[in-house]
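For reference, the structure is listed below as structure tokens.
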Amino acid sequence: MAEKEQAAKSKSDNESIRTGLSENSIRLAFLDNLFYVQGRFLEVASPNDKYKALAYTIRDRLLHRWVATVRTYQQTNPRTVCYLSAEYLPGPYTGNNLINLGIEDETRKALAGLGLDLDELLAHEEEPGLGNGGLGRLAACFMDSLATLQIAAVSYGIRYEFGIFKQLIHNGEQVEATDNWLHYGNPWEVRRPNISYDVKLGGHTEQYADDTGRLRVRWVPGETFHGVAIDTPILGHNVNTVNLLRLWSAEAAEGFDFHAFNQGDYYGAVMREVRSETISKVLYPNDEPEIGKRLRLLQQHFFVTCSLQDMLRIFHSTGMPLERFHEKFSVQLNDTHPAIAVAELMRLLLDKEHMAWDAAWQVTRNTFAYTNHTLLPEALEKWPIPLFHALLPRHLEIIFEINARHLDEVRVRYPFDSGYVERLSIIDESGPRYVRMAHLACVGSFAINGVAELHSRLLKETVLRDFYDLWPQKFQNKTNGVTPRRFMMLSNPGLAKLLTESIGSDWENDLSKLRALEEYADDPTFQQRWQEIKRERKSALAATIKKLCGVEVDPASLYDVQAKRIHEYKRQHLNVLHIVTLYNRIKCNPAIEMTPRTFIFGGKAAPGYAMAKLMIRLINAVGDVVNRDPEVAGRLKVAFLPNFSVKYGHGVYPAADLSQQISTAGKEASGTGNMKFSMNGALTIGTLDGANVEIREEVGADNFFLFGLTAEEVERTLTNGYRPWDIYNGNPELKRVVDLIGSGLFSHGDHNLFRPLIDNLLGHDPYLLLADYAAYIACQDEVSVAYRDTARWTRMSILNVARMGKFSSDRTIAEYCRDIWRVKPAPVEL
Ligand code: F58
């Protein structure tokens, strides 16, 4: 370590047991926290006591940075990004904070001196599963990058008491268990009872004349409760910036109703409390929106109103005039889940701050920017008008007014075209009436972006086409990225070490520096170390698979991994068709030479999504047969890793040889798992979908296994009358595969179990599996050949990592800062 750094570390030792960064100081702090926070000494401490003592020790080392950040922001009043997201998937905090503080080695040694293993303690942490998948994880990567780039930012959301369900696999089927992540307490959060806001709901509105005689509107709610702030510090890498993740927890407004209690209505009093707390009780586990679910709309309104009221409180403390609100805050809507913010900010400005409509609308329109994450039309949120009216009567009035003025503008623009007016209306009137949330977001935002080049282009051509016609200047692309701190440094320390030894440590904060690796791509010594690191990660994953699935897998085999939510458009079943194809080849020719493969799956199915759950059954059923068949003789193995999460991802991405990104072209907005795999040296087999297109552009066509129809070909195939049945009949290898699944071999003779899957494939096949089947199999055959040439494969793997610079979320966030938020760094000095 550099002398200067060492000196700084020992200086802080002298300063405080709470801030010192040396091994010794960390060890003393750990024992201190174990004793004074947990009330335990080492000999009797439980694993949880030890984990918590560690977490508090690390948290202590964040706190003065946190305080310094708040002070800096108070003094310099920087323009601030507010990220509104109904979901966050931050993963375990402790390990990441160690990395960002740069004290992992010291901590490891400090604990070893007490006979404790850092990794064991870290493994004890429950992760906050406050999201479904990519969208929530993206929000967490963005927090890491915002802090690292020293941008003043607050991330607002909901502190669900129960996160995404825990997935158990019983007899091959998904079983959901509640995720009681707060059971042992959460050392990373700080409850702020004094930061709390009223949340109204239901009731009606009234007009009245204020003191000056002006006509105003008052919302008389049916019910009121509170949202209380629960804060988590978010530290950047190699900087002092600690930003805020502020999640809202619902509480009854008056707490216990003693009046009702005195009148003998004990249950009524308690129920009020229970009812309000259900609002932040549980995350909806569906990766498609819940149209018409009252509680879901309530959750959205709940966190949005608390967040906007919080911004207004902060804003008033600056003494700036309200007309300049949008100069202080830039508010990003993470999909349409927080889009009600457009109406809510208007309500607050009109009814509470008594601004005039035009001035309020001017502020609102300059405050919000909207990110879209999907092209699937069925995934666009809309709320039935009667429900909306019952819960948010004032918001509905405001939305009608926004819409009336918006449509007036549209009519001026397209005077003779009523089609435009209908299509651009915030209210869907084609049948039962709905509020279209994407429309509200588009009208109320100054910028609209997609999350990969292809996605942003298709947005303009399809779901948001009319808005693009109207306001082309609002549309942008911001290709997603992921944080290399969590997905390289933390989850793949062996690789990170090799990178730093070879090219220096600059890559940690500037991933484009990885390009320097290219010169090592053919270096045999380097290649060997590369392979050793991969092998070590594969052995570790083999042990996890053995433990969790009871399946023995060979780390020398090709690890072929698909880990993501289970969804028809992601086409896990295309992967299964390939596995059964290989199985059939072995059965037809038991002596056949084959590159040994281990197929690894991970991912949750929405509890109500029957087809996705059936997919899980099929994967496990195929695994059962293949794994046991002596004729297969170690050439094929299939494992379904239960409960895939950020934490389990740490063990999966670094161990993969092949990453499956095989969605139907045009359906996956971006994907981010594709980036995590590639950053860890897995090669991709993929379609031209989402960010795959850009990954291939970066790594080079030679280092990417491409197959399948393009988005345009997919559209054309579907409109020209697609006939999967003909493809089935025309391809004997495919026919044998489908027939085998239908034969009952994988279902103990039950011909009906997988019938819905097969009928769907042969009858409709909306995601064009059969159309892509032959190309996919041919491409997988190429993969098998390539894997046998270890030097070539390793070279490709090194080049993939070397060329992943673009996919750091630091790059993504820098673009948002420059093109949308117009914010500059606000560095924090200690
Ligand atoms: C995902 N969306 C996209 N939504 O599918 C993926 O392509 C993209 O990379 C990622 O966002 C980040 O941009 C996604 O994860 C959800 O989980 C929603 C949860 C709430 C209901 C609607 C879907």
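Kindly evaluate Leu63 against the criterion of being part of a helix (DSSP H, G or I) and either touching a helix residue (DSSP H, G or I) at 6+ places or on another chain (Cβ under 8 Å) or within 16 Å of the ligand (Cβ to nearest atom) (or both).
No; evaluated as a whole, the condition is false for this residue.
Could you list all residues from region 758-801 that are open to solvent by less than 10 Å² (accessible area, probe 1.4 Å) and part of a loop (DSSP other than H, G, I, E, B)?
Listed by number, the residues that qualify are Asp765, Leu768.
Rundown of residues vs (1) open to solvent by less than 10 Å² (accessible area, probe 1.4 Å); (2) in a helix (DSSP H, G or I); (3) within 16 Å of the ligand (Cβ to nearest atom); (4) not aromatic (Phe, Trp, Tyr), yes/no style:
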{"residue": "Glu290", "(1), (2), (3), (4)": "no, no, yes, yes"}
{"residue": "Leu295", "(1), (2), (3), (4)": "no, yes, yes, yes"}
{"residue": "Gln300", "(1), (2), (3), (4)": "yes, yes, yes, yes"}
{"residue": "Thr305", "(1), (2), (3), (4)": "yes, yes, no, yes"}
{"residue": "Ser317", "(1), (2), (3), (4)": "no, yes, no, yes"}
{"residue": "Met320", "(1), (2), (3), (4)": "no, no, no, yes"}
{"residue": "Gln332", "(1), (2), (3), (4)": "yes, no, yes, yes"}
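Of the residues Ala606, Ala542, Ala612, which is in a loop (DSSP other than H, G, I, E, B) and open to solvent by less than 50 Å² (accessible area, probe 1.4 Å)?
Going through Ala606, Ala542, Ala612 in turn, the sole match is Ala606.
What is the one condition in (1) open to solvent by less than 40 Å² (accessible area, probe 1.4 Å); (2) farther than 28 Å from Val304 by Cα; (3) in a loop (DSSP other than H, G, I, E, B) that Leu454 does not satisfy?
(3)
Can you tell me which of (1) of a type outside the set (D, E, K, R); (2) part of a loop (DSSP other than H, G, I, E, B); (3) open to solvent by less than 30 Å² (accessible area, probe 1.4 Å); (4) within 23 Å of Met594 (Cβ to Cβ) is the one Gly634 doesn't meet?
Here Gly634 clears every test but (3).
Name the pairs whose Cβ atoms lie under 7 Å apart, with the first residue in region 130-142 and closer than 15 Å to His567 by Cα, the second hydroxyl-bearing (Ser, Thr, Tyr) and modelled with pLDDT of 95 or more, and 6 or more positions between them or separate chains?
Gly134/Thr672
Restricting attention to helices (runs of 4 or more DSSP H) lying wholly within region 352-439, give those where 2 or more residues are among the aromatic types (Phe, Trp, Tyr).
357-367
Go through the residues of region 178-189 one by one and say whether even a single one is assigned to a strand (DSSP E or B), of a type outside the set (D, E, K, R) and in contact with a strand residue (DSSP E or B) (Cβ under 8 Å, 6 or more places away or on another chain).
no
Name the residues in region 276-307 that are more than 23 Å from the chain's Cα centre (by Cα) and either without any contact (Cβ under 8 Å) to a residue 12 or more places away in the chain or on the phi > 0 side of the Ramachandran plot (or both), would you?
Matches in region 276-307: Gly292 only.
Just give me the residues in region 33-48 being without any contact (Cβ under 8 Å) to a residue 24 or more places away in the chain and assigned to a helix (DSSP H, G or I), in sequence order.
Once the filter is applied, which keeps residues that are without any contact (Cβ under 8 Å) to a residue 24 or more places away in the chain and assigned to a helix (DSSP H, G or I), region 33-48 yields Leu34, Phe35, Tyr36, Glu43, Val44.
Kindly list the number of the only condition in (1) open to solvent by 10 Å² or more (accessible area, probe 1.4 Å); (2) within 16 Å of the ligand (Cβ to nearest atom) that fails for Leu84.
If we test Leu84 against (1) open to solvent by 10 Å² or more (accessible area, probe 1.4 Å); (2) within 16 Å of the ligand (Cβ to nearest atom), just (1) comes out false.
Which one is surrounded by the fewest Cβ atoms within 10 Å (Cβ to Cβ) among residues in region 703-742 that are of a type in the set (A, V, I, L, M) and within 22 Å of Thr581 (Cα to Cα)?
Here the residue is Leu706.
Taking region 554-571 on its own, how many of its residues are open to solvent by less than 20 Å² (accessible area, probe 1.4 Å) and over 25 Å from the mean Cα position of the chain (by Cα)?
Residues in region 554-571 being open to solvent by less than 20 Å² (accessible area, probe 1.4 Å) and over 25 Å from the mean Cα position of the chain (by Cα): 2 in total.
Could you run through region 556-569 and say how many residues are closer than 12 Å to Ile600 by Cα, part of a loop (DSSP other than H, G, I, E, B) and not hydroxyl-bearing (Ser, Thr, Tyr)?
1
Among the residues of region 187-209 satisfying the criterion of being open to solvent by less than 30 Å² (accessible area, probe 1.4 Å) and not aromatic (Phe, Trp, Tyr), which is farthest from Leu391 (Cα to Cα)?
In this case the residue turns out to be Pro187.
Could you list, in sequence order, all residues of region 81-103 that are in contact with an Asp or Glu (Cβ under 6 Å, 6 or more places away or on another chain) and assigned to a loop (DSSP other than H, G, I, E, B)?
Gly91, Pro92, listed by residue number.
So, Val652, is that one away from the ligand (no atom under 16 Å from the Cβ) and surrounded by 21 or more Cβ atoms within 10 Å (Cβ to Cβ) or not?
yes
If I filter region 680-702 down to residues being in contact (Cβ under 8 Å) with a residue 60 or more places away in the chain and open to solvent by 10 Å² or more (accessible area, probe 1.4 Å), which single residue comes out as nearest to Thr794 (Cα to Cα)?
For region 680-702, the residue satisfying everything is Asp702.
Touching a Lys or Arg at 6+ places or on another chain (Cβ under 6 Å) and under 20 Å from Arg537 (Cβ atoms) - does that describe any residue in region 636-652?
yes
Across region 501-519, which residue is surrounded by the fewest Cβ atoms within 10 Å (Cβ to Cβ) among those that are part of a helix (DSSP H, G or I), over 28 Å from the mean Cα position of the chain (by Cα) and free of Cβ contacts under 8 Å to residues at least 60 places away in the same chain?
Glu501
Looking at region 475-487, is at least one residue within 30 Å of Gln531 (Cα to Cα), part of a helix (DSSP H, G or I) and away from the ligand (no atom under 16 Å from the Cβ)?
Yes, some residue in region 475-487 is within 30 Å of Gln531 (Cα to Cα), part of a helix (DSSP H, G or I) and away from the ligand (no atom under 16 Å from the Cβ).
Hey, among Tyr160, Tyr156, which residue is over 16 Å from Pro825 (Cβ atoms), away from the ligand (no atom under 13 Å from the Cβ), within 17 Å of the chain's Cα centre (by Cα) and open to solvent by less than 10 Å² (accessible area, probe 1.4 Å)?
Just a single option satisfies the conditions, and that option is Tyr156.
Pairs under 6 Å by beta carbon, first residue β-branched (Val, Ile, Thr) in region 312-336, partner within 16 Å of the ligand (Cβ to nearest atom) and not in a helix (DSSP H, G or I), six or more apart or different chains?
Thr336/Glu381
In region 365-389, which residues are touching a Gly at 6+ places or on another chain (Cβ under 6 Å), more than 16 Å from the ligand (Cβ to nearest atom) and either at pLDDT below 95 or open to solvent by less than 30 Å² (accessible area, probe 1.4 Å) (or both)?
If the condition is that a residue be touching a Gly at 6+ places or on another chain (Cβ under 6 Å), more than 16 Å from the ligand (Cβ to nearest atom) and either at pLDDT below 95 or open to solvent by less than 30 Å² (accessible area, probe 1.4 Å) (or both), then Phe368 is the only one that fits.
Give the residue that is farthest from the ligand (Cβ to nearest atom), with candidates limited to residues of region 106-145 that are among the acidic types (Asp, Glu) and farther than 19 Å from Ile17 by Cβ.
Selected residue: Asp117.
Looking at (1) in contact (Cβ under 8 Å) with a residue 12 or more places away in the chain; (2) out of contact with any Pro (no Cβ under 6 Å at 6 or more places or on another chain); (3) open to solvent by less than 70 Å² (accessible area, probe 1.4 Å), find the lone condition where Gln167 falls short.
With respect to (1) in contact (Cβ under 8 Å) with a residue 12 or more places away in the chain; (2) out of contact with any Pro (no Cβ under 6 Å at 6 or more places or on another chain); (3) open to solvent by less than 70 Å² (accessible area, probe 1.4 Å), Gln167 is out only on (2).
The values are calculated or read from the model by the stated rules, or taken from the named source; none is laboratory data. Since this is a predicted model, take the numbers as computed values, not measurements. With ideal geometry, Cβ positions are generated from the backbone for all residues, glycine too; neighbour counts draw on all protein chains shown. We work out accessible area using only protein heavy atoms, side chains counted, and drop any ligands, DNA or RNA first. Shrake-Rupley method; radii C 1.70, N 1.55, O 1.52, S 1.80 Å.
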